[in-house]
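Presented below is the structure to which this report refers.
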Amino acid sequence: MSLQVLTELHEEVRRLFIAGSGMASGDLRLRALQPRLEKLADAAPVLGRLAEGVQALVESDAESSPGRLLELGTLLHAVMYTQGRTDTQGELVEAGADIPTGTTYVPYRKLKPLIDALTERGPGRLEIIRSALEEGLFGDIRTHRPAVIALEDSYAETAEFVQERVLPAIGARRFRCCSGS
């Protein structure tokens, strides 16, 4: 089964869900996909049903197009779902005590100014970062990635503060993968 054709059809169906089913009537992109689906129908009959659904949608009027789009989208989703892989390769690794558990004990409303201060530009950011360090907000895992992003800050004082004070407060073991050791 050709996943490329299914992916292209999925993109077009998604586009029509967003733009509205009224745009489907006579859609040239869908018409171009229909012959490719019909060719593949010999290998998998469900692709023939998708081709029929595309044809019905392209030829539909404004009244019947929402139902036909939903029908095509549902069938397409079911087909694509069956093509995915759910198993993983390799061994299962048990989490030890030194692996972060993903604690998120602080409300996001309180973290938002800190995350903005770490990832955006503007005045007063360093003070926000300092007070967050004093409050212990960097114990929340949602602040770790923005802290790493702040290492590239154009304001050197912010980048140095994060490197010298914030990352050690988070804990060196959590960034072992990034340090090369």
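Provide the gained length on full extension for the span T74 to E135, in nm with one decimal, where the gain is 0.36 nm per separating residue minus the Cα-Cα distance.
Numbers: separation 61, 0.36 × 61 = 21.96 nm, distance 4.88 nm.
Stretched out fully, the T74 to E135 stretch lengthens by 17.1 nm.
Which percent of the accessible area of the stretch 10-89 is formed by carbon and sulfur heavy atoms (probe 1.4 angstrom)? Don't skip to the answer; put the middle values down first.
Working: 2730 of 5200 Å².
After summing per-atom areas, the C and S share lands at 52 percent.
Using only the Cα atoms of the stretch 1-41, build the gyration tensor, take square roots of its eigenvalues as a ≥ b ≥ c, and label the shape rounded, prolate or oblate: rounded if a/c is under 1.5, else prolate if a/b is larger than b/c, else oblate.
Working: a/c = 3.40, a/b = 1.66, b/c = 2.05.
Oblate shape, in that a/c is at least 1.5 and b/c is the bigger or equal ratio.
Can you work out ³J(HN,Hα) from phi for every residue in the stretch 133-141, in order, using Karplus 6.51 cos²θ - 1.76 cosθ + 1.60 and θ = phi - 60°, giving whole Hz and x for Gly and Pro?
5, 5, 6, x, 5, 6, x, 7, 4
Could you tell me the center-to-center distance, by alpha carbons, between the stretch 150-167 and the stretch 1-72 in angstrom?
The two parts, judged by their Cα centres, are 51 Å apart.
Label points 7 Å out from Cα along the Cβ direction at E59 and R165: separation in nm?
Once both label points are built, they end up 7.1 nm from each other.
What does the net charge come to around E38 if you take all other residues with beta carbon closer than 12 Å to its beta carbon, with K and R at +1 and D and E at -1?
On the way: positive: R31, R36, K39, R49; negative: D42, E52.
That sum, taken over residues with Cβ under 12 Å, equals +2.
Give me the net charge of P146's neighbourhood, meaning all other residues with Cβ under 11 Å from the Cβ of P146; Lys, Arg count +1, Asp, Glu -1.
Working: positive: K112, R142, R145; negative: D116, E120, D140, D153.
Residues close to P146 contribute a combined charge of -1.
How big is the charge dipole of the stretch 1-92 about its Cα centre, in debye rounded to the nearest 20, if each Lys and Arg gets +1 on its Cβ and each Asp and Glu gets -1 on its Cβ?
On the way: 9 positive and 13 negative charges, 28 e Å.
With only Lys, Arg, Asp and Glu charged at Cβ, the dipole is about 140 debye.
Residues with beta-carbon under 12 Å from that of V106, excluding V106: net charge, scoring Lys, Arg +1 and Asp, Glu -1? Write out the running numbers ahead of the final one.
Values: positive: R109, K110, K112, R142; negative: E135, D140.
Cβ neighbours under 12 Å give a net charge of +2.
The values are calculated or read from the model by the stated rules, or taken from the named source; none is laboratory data. Everything quoted here is computed from the prediction, not taken from an experiment. Positions of Cβ are backbone-derived with ideal geometry, glycine not excepted, and every protein chain shown enters the neighbour counts. SASA here: full protein model, heavy atoms, side chains in, ligands and nucleic acids out. Shrake-Rupley method; radii C 1.70, N 1.55, O 1.52, S 1.80 Å.
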